[in-house]
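Note sheet for the following structure.
Any read-out appearing in this document is the output of simple, stated calculations on the displayed coordinates, not a laboratory observation. Just so you know, these numbers come straight off a predicted model, no measurement behind them. When we count neighbours, we look across all protein chains shown, and the Cβ atoms used for this are built from the backbone with ideal geometry, even at glycine.
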């Protein structure tokens, strides 16, 4: 009697890799667009990993989370910067007329 080990098909999610790459690029080259791509691809990758068919293992959850964190943190800083700029503009206009 021969024993056949069962092999699971293992792949890495392409969307997770894209999310991580754009998460890094958002801090270097693509400020706003990179963050949006990283967030969308990160959520899609996590969904793909959770919904993998039985018998297949899709890796890349850590990369997807890293891309999500990089994208969301960049967006938070961008929103904060816009709010600060708007606040400074309104304060400077108010003091200009007095």
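With n ≥ 4 as the cut-off for DSSP H runs, can you work out [θ] at 222 nm for the chain, using -39500 (n - 2.57) per run divided by the number of residues, rounded to the nearest 500?
-24500 deg cm²/dmol
I want to make sure I understand the PRE zone here: with the label point 7 angstrom from the Cα of residue 32 toward its beta carbon, which residues in the stretch 61-95 have backbone N atoms less than 13 Å away?
Of the residues in the stretch 61-95, 75-76, 78-83 have backbone N under 13 Å from the label point off residue 32.
Quick check: the angle from helix 14-28's long axis to the longest principal axis of the chain, C-alpha only, nearest 10 degrees?
The angle comes out near 30 degrees.
Length gain on complete extension for the stretch residue 17 to residue 92, per 0.36 nm per residue less the alpha carbon to alpha carbon distance?
Extending this stretch completely gives an extra 22.6 nm.
What is the distance, in nm, between label points placed 7 Å from the Cα along the Cα-to-Cβ direction at residue 85 and at residue 47?
Distance between the two pseudo-spin positions: 3.1 nm.
What relative contact order, as a whole-number percentage, does the chain give when Cα pairs under 8 Å and 6 or more residues apart are counted?
In percent, rounded to a whole number, it is 33.
Report the full-extension gain for the segment residue 61 to residue 10: residue separation times 0.36 nm, less the Cα-Cα distance, to one decimal in nm.
Here the segment from residue 61 to residue 10 would lengthen by 17.1 nm.
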